[in-house]
Each structure stands twice: as structure tokens, then as C-alpha cells.
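Everything on this sheet refers to the single structure shown next.
Computed from the coordinates by the stated procedures, all read-outs in this text should not be read as laboratory data. Everything numeric in this text was worked out from a predicted model, so none of it was measured. We place every Cβ from the backbone using ideal geometry, glycine too, and count neighbours over all the protein chains shown.
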Amino acid sequence: MPVFISQAPAKTILFGEHAAVYGFPAIAVPLNSLSLKVSFLAKPDQPQGTWMIRNKDTGMTALLSELPESDPVRKIIQFTASELNVRQLPAAELLISSTIPVASGLGSSAALAVALIRGVSQFLGFNLPPQRISELAFEMEKIQHGNPSGIDNSVIAFNQAIFFVKNQSIEFLSLKSPLTIVLANTGIHSLTREVVGEVRSKRECEPERIDALLSEIGQIALKAREKLVQMDLEAIGSLMNENHALLQQLGVSCPELDRLVDTARKAGALGAKLCGSGKGGNMVALTTPERAESLQKAFLAAGAVQAISTEVK
């Protein structure tokens, strides 16, 4: 019996972390070199509703009905079935595997939601468009993270570079040529919900200062959109540096991220900044194809637990 596969990429935010939550512009790109995959195998010999879930990365094997109510896989599958008005699921076995580091700012939770929603719907005979998949994944992201911007589910569901403003139509960006970036992982797990909550608390205490920082970050994203269209790599890198400085002032960086950003610049990167919610996870550096390998080595020497070079198209 054939296996059906649904896949979703990772993502990185090039500009606009945290600002996007409050309606300021941001730019995000998919990372197809990292992905989450869900394989579906029908089990017609099993009773209806029997869904065996296997997670290759965690080693977990359990029936869907045995997973805790709070488990994201259970929530996403049940939510999708309810959205499609399917009351009885045909028996199946699901295998989840991923190369996306969790709690590292690369969209692992949104990738899980998108891959599962798309996969479950198609396995059940439906063909949801990317916009609807993104909307449903956003509902799951709200449960996971409290007050997300919606940028992660959007860039992952459409698998295309986007200029994003909350509650506005997405603008797709067409890059004239690929961008070479290197991601370096601090190895520190950081929960988006907690860091977003910290920024919200700061904003409640110091609304003028925090809003000014968020507005500046949004203005950088606006400038970066123009520079990306022009493929002005020097300007893009400089704007990444400015963005990181503002995120430092926002209080969402950490010594490990700052060390890797500094390493990137000393090793010849065009620009570097944290990516995702911060307080750990990954940073992203813009470079040339010729310098990518040396940059990876520099990151690992500086304490990164992983350094990945990839192209963004």
C-alpha cells in the first residue's frame, strides 16, 4: 500500500522579530534545507479511528487516543478533522520525522502544524489551499505560543519569501538571485511563549520606549524589502546588524547569541542577527557562497552546537 507524505520547511525571520506581533512589518523566508515530514500509511485491516503515531526523533510511539489532550499532534489532528467535519478517521499509521531543531527560532511548531494539517486533509480526500492551511495553523500557533504574529505559519504554508504585516494581505517577495545564509545554533532552547510574554510585560511598563524600538525594527524591515528587490547585499547585511542592535535593546538577545553575531562579523559576514524570539536558539548571518564554509567553521569554534549553510531562493 503506498505511503502518502506531507512536508513543511523551516523558516527564518530576516527582519522584524517581535515587532511583527504588534503590527509592524517583518520579512521571513522558508528554509527548505530543513524540514518536517509526516508519512501516512492507511491501515484498512485496523478498526476505524485507530491512528498509530510514531515520532522518529523522540522515539515516541502511541495511539492518537492515548496522547495527552494537550499534545500538539493530537490537537492538530483533531482540529483538522473537526474543520473538515470528519467524525470518524480511517485507520492509519503516521511517522513524524524532522531536521528542524525545536525551540530554536526556526518554526518547528508551525512546520508541524502545516505538515499535519495539509497531510491529514489530503489523506482524508480534501485539498485545502495554502491560505486556509495557514489560517488553521495559526489557530494552533495561538494555542502553543499565546500571541504569535502569524508570520511563521504564513511563510511555511506558502513556502515563499514574504513581506508580512499582521492582519494585512501577504506580499510575496521574488528574489533575483539566491541569498546565502549560515545559521548557527546556540544550543539553548527558548520558548516563544515566554519571550513574547516578557516583551509584552516590558511594553506594559514602558510603552513609549518599547513601541519606539518596535517601530524602528519595522522601519528596518521596510528598507530591507527595497534592498532585497535590488539585491543590495551590503545594505541588507548592514540592516541585519541594525536589527540585532535593536533586539539587544529590547532585551531578547543573550551572551551566546551576541558572541555568535560578533563571530559572524569578524569572519567576514555581510551582516548577522538573532532569529526567532531570542534568548537562545539560532542566529542568522548573510554571506557569500565563497565564505559560507569558513563561517560555519568559525561558528563551531565559537561554541555553536550546529552551523548550517543554505540558500534562500
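Note on Val305 and Arg193: with the Förster distance fixed at 25 Å, the Cβ-Cβ geometry gives a FRET efficiency of about 0.65. Helix-only arithmetic for the chain: the sum of -39500 (n - 2.57) across DSSP H runs with n ≥ 4, divided by the residue total, places the mean residue ellipticity at 222 nm at -13500 deg cm²/dmol. Net charge of the neighbourhood of Ile13, taken over other residues with C-beta under 12 Å away and scored Lys/Arg +1, Asp/Glu -1, is 0. Helix 130-145 versus the longest principal axis of the chain: what angle, 0 to 90°, nearest 10, using Cα atoms? Compared with the principal axis, the helix lies near 80 degrees. Each Lys and Arg adds +1 at its Cβ and each Asp and Glu adds -1 at its Cβ; summed about the Cα centre, segment 155-278 shows a dipole of about 240 debye.
Annotation note: trypsin sites (Lys or Arg not before Pro) in segment 145-232 located in DSSP loop regions with a Cβ neighbour count of at most 11 within 10 Å are Lys176. Cα centroid separation, segment 155-181 to segment 89-139: 19 Å. Between the helical axis of 72-83 and the longest alpha-carbon principal axis of the chain there is an angle of about 70 degrees. Each of Thr50, Asn85, Leu36 was placed along the dipole of segment 1-115 (beta-carbon charges, centred on the mean Cα), and the one lying farthest toward the positive end is Leu36. Overall, the anisotropy analysis places segment 67-133 in the prolate class: the square-rooted eigenvalues a ≥ b ≥ c of its C-alpha gyration tensor yield a/c not less than 1.5, with a/b exceeding b/c.
With N set to the number of residues, divide the alpha-carbon radius of gyration of the chain by 2.2 N^0.38 Å and report two decimals. Could you put the intermediate results ahead of the total?
Details: Rg = 19.7 Å, N = 313, 2.2 N^0.38 = 19.5 Å.
For the chain, the normalised Cα radius of gyration comes out at 1.01.
Just to confirm the filter: which GluC sites (Glu not before Pro) across segment 27-136 are DSSP coil and have at most 15 other Cβ within 10 angstrom of their Cβ?
Sparse-neighbourhood loop GluC sites (Glu not before Pro): Glu69.
Between the listed residues Gly187, Asn159, Ala235, the Cα displaced farthest toward the positive end of the dipole of the chain, a dipole computed from Cβ unit charges relative to the Cα centre, is found at Asn159.
Annotation: the antiparallel percentage among DSSP beta bridges lying fully within the chain is about 90. For Trp51, the residues whose modelled amide H falls within less than 5 Å of its own, excluding neighbours fewer than 5 places apart on the same chain, are Leu64, Ser65, Ala92. What are the trypsin sites (Lys or Arg not before Pro) within segment 1-105 that DSSP puts in a loop, where the Cβ has at most 11 other Cβ atoms within 10 Å? The qualifying sites are Arg87. Rounded to the nearest 20 debye, the dipole size of the chain about its Cα centre is 380 debye, using +1 on the Cβ of Lys and Arg and -1 on the Cβ of Asp and Glu.
Look at the dipole of the chain built from charges on Cβ: of Ile13, Ile96, Pro255, the Cα furthest out on the positive end belongs to Ile96.
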